[in-house]
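To start, the structure under review is shown below, and the notes come after it.
The values are calculated or read from the model by the stated rules, or taken from the named source; none is laboratory data. What you see is a predicted model; the values in this text were computed from it and never measured. Here Cβ is always computed from backbone atoms with ideal geometry, including for glycine, and neighbour counts include all displayed protein chains.
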Amino acid sequence: MRVLILGGTAEARALAQALTDRAVAVVSSLAGRVSTPRLPAGEVRIGGFGGIDGLAELISTDSITHVVDATHPYATTMSAHGVAAADRAGVPFVRYARPGWRSHALAGGWTWVSSYAEAQIAADRLGSRPFITTGRQTLTHYLDGWWDRRALVRVVEPLGEQAPSAWTVVLDRGPYEVDAELSLMSRHGVNVLLTKDSGGSYTAAKLTAADRLSIPVVVVRRPDTPTGAREVSTLDDVLATLLH
Ligand code: NAP
């Protein structure tokens, strides 16, 4: 067995560790978006494959026997390429994604929307000082409407010079704690939280903090999962799928 893990998430790192512990060869793939990524156990490769063709070729030339797509739920291009390339190379593919926050105890009180544009419109109705936690690649959606807005933006990597001067940018990455989230939100006086449905516990503290501070939450729904892919949501299930 030689498992290619399409990674960049805590789940992917946990899987790489679990397979390495069982003496299964793994190659984890990272996109290279973060300058100092948390590295998983086992072999790691960094950078795009060059589309479906490049990934299918790597699967063959690197003797990959299984592909696990453990990318973030919003990394839709990589997921679609993974399904297509594994199919072309004739190796099994499984999607491993953490459950979303649909069943979170507070989910019923949030405003669910289908796009970042809708999130901005909804947030405008709910508050004047947004806390934007939807990720660096989504920020272009807010530039026009919120160039002069006193927004708090949390990202992993520094933004370029093009970032609006009205925005306060904090650099950080999970896991986060409720107390620290309470303190951050209070300190910056935010009054509406924008998030996507990342799911899991790693970044969930902001949801509890927003509730305690009575700050409304706008959630961008998850994109569809790749068609035809088998999907599991726990480490045990993905291990069972691979090992039995
Ligand atoms: P994406 O839009 O679905 O992918 C765009 C392109 O980036 C892919 O076609 C591929 O290039 C390359 N790529 C993406 N993930 C890769 C991986 N794990 N290994 C090698 N190449 C990869 O992806 P994204 O949303 O920008 O996410 C990029 C990475 O960040 C993923 O690993 C994801 O797990 C992680 N991440 C994403 C988010 C998010 O909100 N989107 C949040 C946390 C972490 P080629 O076509 O050249 O192969």
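Going through the stretch 21-36 one residue at a time, which ones are more than 8 Å from the ligand (Cβ to nearest atom) and in contact (Cβ under 8 Å) with a residue 60 or more places away in the chain?
Arg22, Val24, Ser35, listed by residue number.
Any residue in the stretch 99-111 that is more than 12 Å from Ala204 (Cβ to Cβ) sitting within a Cβ distance under 8 Å of a residue that is in a strand (DSSP E or B) and of a type in the set (A, V, I, L, M)? List the pairs, counting only those 6 or more apart or interchain.
Close Cβ pairs satisfying both conditions: Gly109/Val217; Trp110/Val217; Trp110/Val218; Trp110/Val219; Thr111/Val217; Thr111/Val218; Thr111/Val219.
Quick check on my filter: what residues within the stretch 132-152 are among the aromatic types (Phe, Trp, Tyr) and surrounded by 15 or more Cβ atoms within 10 Å (Cβ to Cβ)?
At the first step, the residues of the stretch 132-152 found to be among the aromatic types (Phe, Trp, Tyr) are 142, 146-147.
Within the stretch 132-152, Tyr142, Trp146 meet the criteria.
List the residue pairs whose Cβ atoms are under 9 Å apart, where the first residue sits in the stretch 1-20 and is over 25 Å from Ala89 (Cα atoms), the second is hydroxyl-bearing (Ser, Thr, Tyr), and the two are 6 or more positions apart or on different chains.
Ala10/Tyr202
Among the candidates Thr9, Thr76, Thr65, Thr71, single out the residue that is over 27 Å from Arg136 (Cα atoms) and of a type in the set (Ser, Thr, Tyr). Please lay out each step first, then the result.
Numbers: Thr9 fails: over 27 Å from Arg136 (Cα atoms); Thr76 fails: over 27 Å from Arg136 (Cα atoms); Thr71 fails: over 27 Å from Arg136 (Cα atoms).
Testing whether each residue is over 27 Å from Arg136 (Cα atoms) and of a type in the set (Ser, Thr, Tyr) leaves just Thr65.
Could you give me the residue pairs with C-beta distances under 7 Å whose first residue belongs to the stretch 136-155 and is under 17 Å from Val220 (Cα atoms) and touching a residue at least 40 places away in the same chain (Cβ under 8 Å), whose second residue is within 13 Å of the ligand (Cβ to nearest atom) and part of a helix (DSSP H, G or I) wherever it lies, and which are 6+ apart or on separate chains?
Every condition considered, the pairs that remain are Thr138/Tyr116.
Quick check on my filter: what residues within the stretch 70-79 are assigned to a helix (DSSP H, G or I) and modelled with pLDDT of 95 or more?
Correct list: Thr77, Met78, Ser79.
Residue pairs, Cβ under 7 Å, 6 or more apart or interchain, first in the stretch 79-93 and without any contact (Cβ under 8 Å) to a residue 40 or more places away in the chain and more than 11 Å from the ligand (Cβ to nearest atom), second aliphatic (A, V, I, L, M) and assigned to a strand (DSSP E or B). List them.
Pairs that qualify, where the first residue is without any contact (Cβ under 8 Å) to a residue 40 or more places away in the chain and more than 11 Å from the ligand (Cβ to nearest atom) and the partner is aliphatic (A, V, I, L, M) and assigned to a strand (DSSP E or B), are Ala86/Val67; Val91/Val67.
Checking Leu171 against (1) over 22 Å from the mean Cα position of the chain (by Cα); (2) surrounded by fewer than 18 Cβ atoms within 10 Å (Cβ to Cβ), only one condition comes out false. Which one?
That leaves (1) as the condition not met.
Condition first: part of a strand (DSSP E or B) and not small (Gly, Ala, Ser). Can you find one or more residues in the stretch 50-62 that meet it?
If we filter the stretch 50-62 for residues that are part of a strand (DSSP E or B), which is where we start, we get none.
Taking every residue of the stretch 50-62 in turn, none turns out to be part of a strand (DSSP E or B) and not small (Gly, Ala, Ser).
Restrict the check to the stretch 98-108 and report whether at least one residue is within 16 Å of the ligand (Cβ to nearest atom) and over 16 Å from the mean Cα position of the chain (by Cα).
no
List the pairs whose first member sits in the stretch 157-170 and is under 16 Å from His188 (Cβ atoms), whose second member is among the basic types (Lys, Arg), and whose Cβ atoms are under 7 Å apart, counting only residues at least 6 apart or on separate chains?
From residues that are under 16 Å from His188 (Cβ atoms), the pairs are Ala166/Arg149; Ala166/Arg150; Val170/Arg154.
Where the second residue is assigned to a helix (DSSP H, G or I) and within 7 Å of the ligand (Cβ to nearest atom) and the first is within 15 Å of His81 (Cβ to Cβ) and in contact (Cβ under 8 Å) with a residue 12 or more places away in the chain and lies in the stretch 37-59, which pairs have Cβ atoms under 6 Å and are six or more apart or on separate chains?
Final answer for the pair search is Phe49/Leu55; Ile52/His81; Leu55/His81.
Could you please give the count of residues in the stretch 64-78 that are closer than 14 Å to Ser29 by Cα and either surrounded by fewer than 23 Cβ atoms within 10 Å (Cβ to Cβ) or more than 9 Å from the ligand (Cβ to nearest atom) (or both)?
From the stretch 64-78, those closer than 14 Å to Ser29 by Cα are 64, 66-72, 75, 78; that's our starting set.
Applying the additional criterion that residues be either surrounded by fewer than 23 Cβ atoms within 10 Å (Cβ to Cβ) or more than 9 Å from the ligand (Cβ to nearest atom) (or both) yields 64, 66-68, 72, 75, 78.
Residues meeting the conditions: 7.
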